[in-house]
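Visitor: Submitted below is the structure of interest, expressed as structure tokens.
The values are calculated or read from the model by the stated rules, or taken from the named source; none is laboratory data. As the structure is a computational prediction, the values presented were derived from the model and not from experiment. Here Cβ is always computed from backbone atoms with ideal geometry, including for glycine, and neighbour counts include all displayed protein chains.
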Amino acid sequence: MEPITDIQPMPELPPHNCRKVIENVYLALDGEMSHQDMRTFLADIRRCSHCLEHYQVEESFKHFLQQRIERKCPPQDLKDRIRSRLNGEA
Ligand SMILES: [Zn+2]
């Protein structure tokens, strides 16, 4: 992924829609976006401090979860809760 600071705003961006951007945060963090969509998303999110902050919080949380998962033997119920969250069942 390109550093967020290197993305220039693109003139063809649609009007900013916080709800739509925040839905896309999860796709972006899960790597389910095409390269082009990702560029558009990152340019769009930089226009709005609210969305950018949301993205950064979710990104930190995802890293936190990954570190927890990679540690040996977290409590079983924690693993189940994380798995539920990752499967969208939370
Ligand atoms: Zn926004």
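Visitor: From the list 42, 29, exactly one residue is of a type in the set (A, V, I, L, M), out of contact with any Gly (no Cβ under 9 Å at 6 or more places or on another chain) and over 18 Å from residue 85 (Cα atoms). Which is it?
Guide: Working: 29 fails: over 18 Å from residue 85 (Cα atoms).
Every option except 42 fails the conditions.
Visitor: Report every pair of residues separated by at least 6 positions or lying on different chains whose Cβ atoms are under 6 Å apart, first residue within the range 39-62 and in a helix (DSSP H, G or I), second at pLDDT 95 or above and surrounded by fewer than 15 Cβ atoms within 10 Å (Cβ to Cβ).
Guide: 51/18
Visitor: For the range 23-38, check the following and say yes or no: at least one residue is in a helix (DSSP H, G or I), surrounded by fewer than 10 Cβ atoms within 10 Å (Cβ to Cβ) and at pLDDT 80 or above. Don't jump to the end; show me each part of the working.
Guide: We begin by selecting, within the range 23-38, every residue in a helix (DSSP H, G or I); these are 23-29, 35-38.
Add one more test, that the residue is surrounded by fewer than 10 Cβ atoms within 10 Å (Cβ to Cβ), and what stays is 35-36.
From the residues that got through so far, the ones that are at pLDDT 80 or above too are 35-36.
There is at least one residue in the range 23-38 that is in a helix (DSSP H, G or I), surrounded by fewer than 10 Cβ atoms within 10 Å (Cβ to Cβ) and at pLDDT 80 or above.
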